[in-house]
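Asks: I'd like to ask some things about the structure below.
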Amino acid sequence: MDSDAALQIRLAGQVGPTGRPLPDFPEPQPLTSHGPARIIAMCNQKGGVGKTTTTINLGAALAEVGRRVLLVDFDPQGALSVGLGIPAHELDVTIYNLLTERGHDVREVIRRTKVEGLDIIPANIDLSAAEVQLVGEVAREQILARVLRPVVDDYDVVLIDCQPSLGLLTVNALTAAHGVIIPLECEFFAMRGVALLVETIEKITDRLNPRLQVDGILATMYDGRTLHSREVVASVVEHFGDDVFHTVISRTVKFPDASLAAEPLTTYDASHKGADAYRQLARELIARGGAA
Ligand SMILES: Nc1ncnc2c1ncn2[C@@H]1O[C@H](COP(=O)(O)OP(=O)(O)O)[C@@H](O)[C@H]1O
Ligand SMILES: [Mg+2]
């Protein structure tokens, strides 16, 4: 048994950081076949809450347990691409071209990363023009869903790293998705804006994508030593109940360190507790049915 699994058994049943007893998240079963993917949008219109970090590390943790994972960089800042060592600013063809031009093959835009089983569709600043360009298109909310369709059967999970806005790109992500994960930073005003996000999700469920579900709210940048962090998590649980993941991501400088090294923390410092937290999140997501 690996140390992570041992820790899991030791912790199962104890009250976790969200104030609820920690369930046991079983070791994910190996998959004998792959696809079709479950598509998950990583969404919060606030910046700096851990969307990109969660996309990278949850993706890497799912790949570690044999899932085929495609990450979609859907933020013109390109932090997801750069954080995985893809020189996105040098690329001629990115998600932008797939969205705005006909005749591209999505498979030619997908890049492998250094993590086995983890692929990415990169983005760069070109994507900032897409929002304006797509406004006049027919079925403008469904363009990303159409772009992804040819490769959905090749992957088990697709994670879309959204930009910090509720504009047309994010609407495209939510329209393409089966689920949405909402990272919330454990800070004052963490919940500010979340009502608007939930309202947007409900509108999209009503009008464009009835299958869309909230897969979970993820507390990030948690510092268990401070009353403040614990209070924020308690209020988030009070508000969202079982939609809140039991897994909580602690604040550690190792995350920005790993990003600078252009790697997930799960490979940069594989035994770090931050890496283990994302492995636990992967198990929790699978246990909840949020991924195969
Ligand atoms: N758990 C964490 N602890 C400490 N720093 C973090 C953590 N998660 C993310 N960060 C850092 O915070 C900044 C914002 O995170 P990021 O994932 O880019 O957020 P978003 O994509 O929502 O804007 C980045 O510098 C990132 O490295
Ligand atoms: Mg980001």
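Asks: For segment 52-62, indicate whether the set of residues that are surrounded by fewer than 18 Cβ atoms within 10 Å (Cβ to Cβ) and away from ligand 1 (no atom under 16 Å from the Cβ) is non-empty.
Replies: Within segment 52-62, none of the residues are surrounded by fewer than 18 Cβ atoms within 10 Å (Cβ to Cβ) and away from ligand 1 (no atom under 16 Å from the Cβ).
Asks: Sticking with this one: Tell me, which residue of segment 32-48 that is within 13 Å of ligand 1 (Cβ to nearest atom) and surrounded by fewer than 23 Cβ atoms within 10 Å (Cβ to Cβ) is farthest from Arg251 (Cα to Cα)?
Replies: Gln45
Asks: Quick one: how many residues across segment 200-219 are part of a loop (DSSP other than H, G, I, E, B) and either surrounded by 16 or more Cβ atoms within 10 Å (Cβ to Cβ) or within 16 Å of the chain's Cα centre (by Cα) (or both)?
Replies: Selection size over segment 200-219: 3.
Asks: Among the residues of segment 41-62, count how many are within 16 Å of Leu84 (Cβ to Cβ) and either part of a helix (DSSP H, G or I) or away from ligand 2 (no atom under 12 Å from the Cβ) (or both).
Replies: The total comes to 12.
Asks: Name the residues in segment 95-124 that are assigned to a helix (DSSP H, G or I) and closer than 30 Å to Asp269 by Cβ, would you?
Replies: Correct list: Ile95 only.
Asks: Restricting segment 63-94 to residues that are within 11 Å of ligand 2 (Cβ to nearest atom) and assigned to a loop (DSSP other than H, G, I, E, B), which is surrounded by the fewest Cβ atoms within 10 Å (Cβ to Cβ)?
Replies: Among those that are within 11 Å of ligand 2 (Cβ to nearest atom) and assigned to a loop (DSSP other than H, G, I, E, B), it is Gln77.
Okay, residues lined up against (1) away from ligand 1 (no atom under 15 Å from the Cβ); (2) crowded, with 24+ Cβ neighbours inside 10 Å; (3) within 29 Å of Gly35 (Cα to Cα); (4) modelled with pLDDT of 95 or more:
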site: Leu168; (1), (2), (3), (4): yes, no, yes, yes
site: Ala177; (1), (2), (3), (4): yes, yes, yes, yes
site: Ile181; (1), (2), (3), (4): no, yes, yes, yes
site: Arg192; (1), (2), (3), (4): no, no, no, no
site: Ala195; (1), (2), (3), (4): yes, no, no, no
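Asks: Now a separate question. May I ask you to list pairs of residues, at least six apart or on different chains, whose Cβ atoms are under 9 Å apart, with the first in segment 157-171 being in a loop (DSSP other than H, G, I, E, B) and the second being surrounded by 24 or more Cβ atoms within 10 Å (Cβ to Cβ) and basic (Lys, Arg)?
Replies: Every condition considered, the pairs that remain are Gln163/Lys51; Pro164/Lys51.
Asks: Something else: Specify the residue that is nearest to the chain's Cα centre (by Cα); the eligible residues are those in segment 160-178 that are aliphatic (A, V, I, L, M) and within 13 Å of ligand 2 (Cβ to nearest atom).
Replies: Ile160
Asks: Among the listed residues Lys254, Lys273, which satisfies the condition of being free of Cβ contacts under 8 Å to residues at least 60 places away in the same chain, touching a Ser or Thr at 6+ places or on another chain (Cβ under 8 Å) and within 26 Å of Gly83 (Cβ to Cβ)?
Replies: Of Lys254, Lys273, the one residue that is free of Cβ contacts under 8 Å to residues at least 60 places away in the same chain, touching a Ser or Thr at 6+ places or on another chain (Cβ under 8 Å) and within 26 Å of Gly83 (Cβ to Cβ) is Lys273.
Asks: A follow-up question, please. Evaluate segment 110-119: report whether one residue or more is under 22 Å from Gly59 (Cα atoms), exposed (fewer than 13 other Cβ atoms within 10 Å of the Cβ) and out of contact with any Gly (no Cβ under 9 Å at 6 or more places or on another chain).
Replies: Yes; the residues of segment 110-119 include at least one that is under 22 Å from Gly59 (Cα atoms), exposed (fewer than 13 other Cβ atoms within 10 Å of the Cβ) and out of contact with any Gly (no Cβ under 9 Å at 6 or more places or on another chain).
Asks: Something else: Which residues, taken from segment 247-264, are assigned to a loop (DSSP other than H, G, I, E, B), surrounded by fewer than 18 Cβ atoms within 10 Å (Cβ to Cβ) and within 16 Å of ligand 2 (Cβ to nearest atom)?
Replies: The one that is assigned to a loop (DSSP other than H, G, I, E, B), surrounded by fewer than 18 Cβ atoms within 10 Å (Cβ to Cβ) and within 16 Å of ligand 2 (Cβ to nearest atom): Ala262.
The values are calculated or read from the model by the stated rules, or taken from the named source; none is laboratory data. These figures come from a predicted structure and were not determined experimentally. Heads up, the Cβs are rebuilt from the backbone with ideal geometry, glycines too, and the neighbour counts pull from every protein chain shown.
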